[in-house]
Structures are given as structure tokens and as C-alpha cells.
1. Going residue by residue through the stretch 95-102, is there one that turns out to be more than 12 Å from the ligand (Cβ to nearest atom), within 30 Å of Val20 (Cβ to Cβ), touching a residue at least 24 places away in the same chain (Cβ under 8 Å) and in contact with a helix residue (DSSP H, G or I) (Cβ under 6 Å, 6 or more places away or on another chain)?
2. Quickly run through the stretch 40-63 and pick out the residues that are more than 6 Å from the ligand (Cβ to nearest atom) and charged (D, E, K, R).
3. So for the stretch 64-73 (the condition being buried (at least 16 other Cβ atoms within 10 Å of the Cβ), of a type outside the set (Ser, Thr, Tyr) and more than 6 Å from the ligand (Cβ to nearest atom)), does at least one residue qualify?
Amino acid sequence: MPRNGTEPPRTPPPNYRGPVETPDVIVIGGGIAGASVAYELAAHRSVLLLEGESSLAMHSTGRSAATYIPGHGAVARDADFDRYVAMLGAVEEAARKAQKAGTPAAEAANSFALPPSLGEWTVFAKPFFERAFAAWYKELGA
Ligand SMILES: Cc1cc2nc3c(=O)[nH]c(=O)nc-3n(C[C@H](O)[C@H](O)[C@H](O)COP(=O)(O)OP(=O)(O)OC[C@H]3O[C@@H](n4cnc5c(N)ncnc54)[C@H](O)[C@@H]3O)c2cc1C
């Protein structure tokens, strides 16, 4: 992101419209919060995103595990959190069974499917389950 507001970013975002001399909005901080706000505002306003570091996401955002956990936060709903905990329980149960049956962790994770009763999960990619099964196998001493 430009440090003086005149150089284009190395990889311009899709809605980058060129240098801004008198922006409608100035957003300070290029972590997930600032970058998201700037991105959304840029659809309707000229936006200048100021970041103190030499590139974006060098603080908390760059260190995040990038996991979306339903149920976190002030407006969390109990039902979301219950569903998340039930999902973790389903993974644990399947990992314990597979480990007992001698199935390799990667194979078990690959064939794992969440029970339809837990609804559709689009936020957990396949590697999440691979890591979760591997962690359970480690825990179980496999
Ligand atoms: C190890 C770790 C793991 C995490 N895992 C998860 C996770 O799995 N899931 C999850 O949801 N959250 C996770 N988090 C939390 C999440 O990363 C933070 O809540 C989020 O990144 C905060 O984003 P932010 O934009 O508010 O702050 P930051 O990412 O800290 O961004 C603030 C930016 O503002 C800039 N800045 C500050 N002051 C100025 C100034 N005066 N002028 C110019 N620039 C300035 C900073 O340089 C920085 O780039 C994790 C955090 C850590 C540390």
C-alpha cells in the first residue's frame, strides 16, 4: 500500500482506482479491519488507506490462525456456538473410531463427512479436518 498516497500498490485490489489526492475517507491501519472497511467503502467513495508498516497485515492479522469460529464475539448466538461444539465432537468421535480401527489419519480425514444434522459448513476447508484428525491421532498416541 502506498506510504505517501501517490504510488500504486504493488498488486492493486480489484476496486483500486488510482492515486487519491483528496480522499473522501481516510482509513488508518491496514490489518483485516482497516483493509475490509477500505475495500467496502471504495465501492462508493475515494479511499486512502494509511498503513504505518511497509506492507499490509504485519501485526495481528498476519499472525492470525484465520479460523472462523461461530459463537465468538459480543453478538454470538448460543445456537451457533452449540453447533460448532457439536462439530468438534463429531470430529473427535470419528477420529477415535478410525484410530481404533487402524485407519491412517489422512485417509480417515479424507473420508470424513459431518453428519447432515449439523447443517452445511462452508467455513472449514479440507485441511482443517486433516489437521484435526492428525491432532487427535497424536493425542491418542498413534
Ligand atoms: C497468534 C494469533 C492468532 C489469531 N487467530 C485468530 C483466528 O484464528 N481467528 C480470528 O478470528 N482471530 C484470530 N486472531 C485475532 C485476529 O488476528 C485479530 O483480531 C485481527 O487480526 C485484528 O485485526 P485489526 O485490523 O483490528 O488489527 P491489526 O491486524 O493489528 O492491524 C492494525 C494495523 O494498523 C496499523 N496501524 C496502527 N496504528 C497506526 C497508525 N497510527 N498509522 C498507520 N498504521 C497504523 C498497524 O501497523 C497494523 O497493520 C489471532 C491473533 C493472533 C495474534
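Every number in this text was worked out from the coordinates using simple rules, so none of it is lab data. Nothing here was measured: the structure is a model prediction, and the numbers come from that model. Cβ coordinates were reconstructed from backbone atoms using ideal geometry, including for glycine residues, and neighbour counts include every protein chain displayed.
1. Checking the stretch 95-102: not a single residue is more than 12 Å from the ligand (Cβ to nearest atom), within 30 Å of Val20 (Cβ to Cβ), touching a residue at least 24 places away in the same chain (Cβ under 8 Å) and in contact with a helix residue (DSSP H, G or I) (Cβ under 6 Å, 6 or more places away or on another chain).
2. Glu40, Arg45
3. Taking the stretch 64-73 and keeping what is buried (at least 16 other Cβ atoms within 10 Å of the Cβ), we get 70.
Then keep just the ones that are of a type outside the set (Ser, Thr, Tyr); that gives 70.
Now restrict to residues that are more than 6 Å from the ligand (Cβ to nearest atom): 70.
Checked against the condition, which is being buried (at least 16 other Cβ atoms within 10 Å of the Cβ), of a type outside the set (Ser, Thr, Tyr) and more than 6 Å from the ligand (Cβ to nearest atom), the stretch 64-73 yields at least one hit.
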